[in-house]
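Undergrad: My questions all concern the structure below.
The values are calculated or read from the model by the stated rules, or taken from the named source; none is laboratory data. Keep in mind that this is a model prediction, so the values were computed, not measured. Cβ: placed from backbone, ideal geometry, glycine included. Neighbour counts: every protein chain shown.
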Amino acid sequence: MRRKLIRFLTAGACILAMSVSAFGDAGHVDPEYLQVVSAEDTITVDGILDETDWQRRFDYLVFSPQRTTGDVEYTVTDTLVVKGPYVDSTTTSVKIMRHGMDLYVALDSDDHSVGKFGNSWEGDGLFMKIEDASGTAVEYKLYYNLGGEDPDIHLETPGTYPNSAVGAGYEKPGTIVNDTTAADSGYSAEMVIHLDDLGYTDMHADIPVMINIFDPDGYKDDTDPWGEVGAYFKSWWGSEWGSEMRMLRLADPTHRVALKTTETITLDGQLNESFWSGAEMVTIGEGSHTSTGGYYMQWGDTSNTYEDQSMAEVKFIHNGTDLYIGVSSNDSSVCKWSPGWEADGLFLWMTNKGSIPAAGERMEIKAMYFSGNEGDSITFETNANVPTGAAEGVSYEPEGTVTHTESNGADEGYSIEVVVHTDFFGYAVGDTVMLSAVIWDLDYADADAYTEGVSDYAPQWWGAQWVDPNFEKYFMYRGVVLSDQTVGVEPDGKTIAGEFALHQNYPNPFNPSTRISFELPQKDQVSLTIYNTLGQKVATLVNSELSAGSHEYQWNGTLENGKQAPAGMYFYELKSTENVATGKMVLLK
């Protein structure tokens with residue numbers, strides 16, 4: 001009988017329950033949530049979907065009667081043939097990204113009959129409900145519901161937030177809307193919803209939604225929808241009209257700040273230096289708000305479940321151009337895949353400053369449990385493209401962890417310390433080091449335990465999984481800033497109490513927006529407030545109870561009166577029950 005052991009990290013690991021089918025290889029059916037990844041650039045809302053960001057590899061929804069899925073494609077909750085016979089069998093992909101607090105939704109449809117449902121209000125496209133920050137559901141519609149010959153797509157926004165969204169459609173060559181004389185070739189569409197207009201301020205919020213895709217076929221705009229012609233099919237994620245919602249999880253921060261230390265790391269894998277407690281981090285694992293994505297498969301047995309859902313905290317500190325990376329994992333089965341090379345541990349993809357490696361130039365740094373020998377620590381490897389001496393790393397296995405065997409019972413996790421000498425890659429202090437961090441999680445896969453259909457394979461990542469254009473056409477890197485701010489010290493020189501930490505905003509100076517991140521040692525009532533140089537409060541980014549761990553908020557220069565702030569210096573103040581910290585930032589115009 002398989003063990004069922006799920007343990008949680010305490011410092012900032014944010015885990016919510018999800019159904020097995022949401023993250024399994026068994027059909028990728030109806031996820032309870034999608035992790036919304038960050039676009040690297042703003043999206044031009046013209047409906048064309050020609051930005052590289054849309055073509056990257058991340059989870060999305062497939063609305064289709066065939067309900068076919070791949071490793072990033074998830075089917076939806078339910079379908080309905082409103083009027084048959086339905087023969088078009090349209091497939092519509094719905095992809096969702098974010099850029100700060102702007103939520104982008106894209107539709108890509110191969111519909112052969114683009115138009116409206118007779119003389120009703122419905123037409124091909126999107127009907128979406130989303131809850132605002134107060135929990136009130138509001139409606140957005142981006143669909144072909146206008147009459148006449150070949151009309152454009154139509155955006156409808158809620159009356160309470162009339163200017164909160166922009167939308168556009170694109171009819172693929174050969175498509176004529178509301179025309180039934182020839183088969184169409186489909187359409188694409190884009191919409192951006194400004195979440196801050198809906199009251200959201202938390203960069204890691206969960207946003208309740210339902211998404212319904214309409215597909216009426218064969219109607220002219222003046223035709224009675226219940227007459228003899230036409231058919232109508234719809235499918236939805238959540239529920240048809242919004243009684244049951246699903247979740248968009250704002251995840252995948254594009255940057256983390258490596259604070260400065262003058263202390264040299266003792267490379268023993270234990271993360272016991274004082275600077276680690278104040279380090280910024282991402283938590284990489286299923287469901288984390290700071291992961292980019294993940295993948296899980298059962299070795300050939302779709303009835304298996306991922307029971308040891310490990311989480312790993314990946315922290316960043318620097319001393320000069322030496323970037324210290326610390327990993328702490330709660331993995332209860334530390335091992336390698338007996339039939340192959342994959343193993344638990346850290347896989348880093350590096351870049352040179354200002355350039356993205358081509359396929360044959362990929363730079364790999366691996367601190368992974370490759371040996372397969374019982375009790376062994378990690379094997380540290382770099383590939384031939386990494387300069388000799390550019391990185392080093394070791395691991396630590398606490399008492400209770402015996403690697404590469406299941407006969408000793410559940411393991412107690414592991415930790416890893418890696419030093420990357422970023423000057424070998426052309427970086428200097430103040431630069432942003434672009435990298436991708438992958439945490440492999442193999443379970444019950446050692447030689448003494450491997451069973452086809454029982455062993456687990458679950459890599460998770462911040463950035464991209466493979467950095468290989470043959471696998472993911474446009475891969476993503478994430479940035480680690482070699483900051484001038486010293487760990488444990490506020491910008492004004494005051495020492496931070498415990499793990500209460502307010503970090504320098506990034507970017508700074510900024511235009512038009514900046515991110516402010518901080519750490520809380522425990523659940524607390526917190527306010528994050530912006531002041532001008534006269535000491536007048538001009539904006540409040542958060543004033544609520546927050547959980548322990550990492551938090552990040554964006555300020556786009558909007559004042560409390562809705563106007564844009566003038567250029568100049570501003571102060572941001574983080575206040576909890578027992579602590580106060582301030583920072584300075586500069587808005588440019």
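Undergrad: Can you find even one residue in the stretch 378-399 that is crowded, with 17+ Cβ neighbours inside 10 Å, more than 24 Å from residue 252 (Cβ to Cβ) and either outside the structural domain of residue 259 (by TED's automatic domain parsing) or in contact with a Cys (Cβ under 9 Å, 6 or more places away or on another chain) (or both)?
TA: no
Undergrad: Could you figure out which of (1) at pLDDT below 85; (2) hydroxyl-bearing (Ser, Thr, Tyr); (3) under 22 Å from residue 430 (Cβ atoms) isn't true of residue 550?
TA: For residue 550, the failing item is (3).
Undergrad: Still on this structure: Any residue in the stretch 437-450 that's in contact (Cβ under 8 Å) with a residue 24 or more places away in the chain and not assigned by TED's automatic domain parsing to the domain that holds residue 295: show its pairings with residues that are of a type in the set (D, E, K, R) and surrounded by fewer than 24 Cβ atoms within 10 Å (Cβ to Cβ) at Cβ separation under 7 Å, as long as the two are six or more apart or on different chains.
TA: none
Undergrad: Separate question: Given (1) assigned to a loop (DSSP other than H, G, I, E, B); (2) modelled with pLDDT of 95 or more; (3) in contact with a Gly (Cβ under 9 Å, 6 or more places away or on another chain), where does residue 408 come up short, assuming only one miss?
TA: (2)
Undergrad: Of all strands (runs of 3 or more DSSP E) completely enclosed by the stretch 173-278, which ones contain at least 1 residues that are hydroxyl-bearing (Ser, Thr, Tyr)?
TA: Passing ranges, in order: 187-194, 231-237.
Undergrad: OK, next. Among the strands (runs of 3 or more DSSP E) confined wholly to the stretch 43-157, which include 2 or more residues that are in contact (Cβ under 8 Å) with a residue 40 or more places away in the chain and crowded, with 17+ Cβ neighbours inside 10 Å?
TA: Per the criteria, 60-63, 73-75, 78-83, 92-99, 102-109, 124-131, 137-144.
Undergrad: Further, regarding this structure: Hey, among the residues in the stretch 317-327 that are touching a Leu at 6+ places or on another chain (Cβ under 6 Å) and either within 21 Å of residue 402 (Cα to Cα) or without any contact (Cβ under 8 Å) to a residue 60 or more places away in the chain (or both), which one's surrounded by the fewest Cβ atoms within 10 Å (Cβ to Cβ)?
TA: In this case the residue turns out to be 326.
Undergrad: Please verify whether residue 295 is under 30 Å from residue 129 (Cα atoms) and either without any contact (Cβ under 8 Å) to a residue 12 or more places away in the chain or not charged (D, E, K, R) (or both), treating the condition exactly as stated.
TA: Against the criterion (under 30 Å from residue 129 (Cα atoms) and either without any contact (Cβ under 8 Å) to a residue 12 or more places away in the chain or not charged (D, E, K, R) (or both)), residue 295 qualifies.
Undergrad: Of the numbered conditions (1) over 30 Å from residue 85 (Cα atoms); (2) crowded, with 21+ Cβ neighbours inside 10 Å, residue 205 fails exactly one; give the number of that condition.
TA: So the condition that residue 205 fails would be (2).
Undergrad: Related question: Look through 293, 285, 320 and report the one residue that is more than 24 Å from residue 337 (Cβ to Cβ) and modelled with pLDDT of 90 or more. Full working, then the answer.
TA: On the way: 293 fails: more than 24 Å from residue 337 (Cβ to Cβ); 285 fails: more than 24 Å from residue 337 (Cβ to Cβ).
Criteria check complete, one pass: 320.
Undergrad: Right, next: So, in the stretch 543-586, how many residues would count as being hydrophobic (A, V, I, L, M, F, W, C), under 22 Å from residue 279 (Cβ atoms), touching a residue at least 40 places away in the same chain (Cβ under 8 Å) and surrounded by fewer than 16 Cβ atoms within 10 Å (Cβ to Cβ)?
TA: 0
Undergrad: Out of the stretch 512-528, which residues are within 30 Å of residue 41 (Cβ to Cβ) and assigned to a strand (DSSP E or B)?
TA: 514, 515, 516, 517, 518, 519, 528
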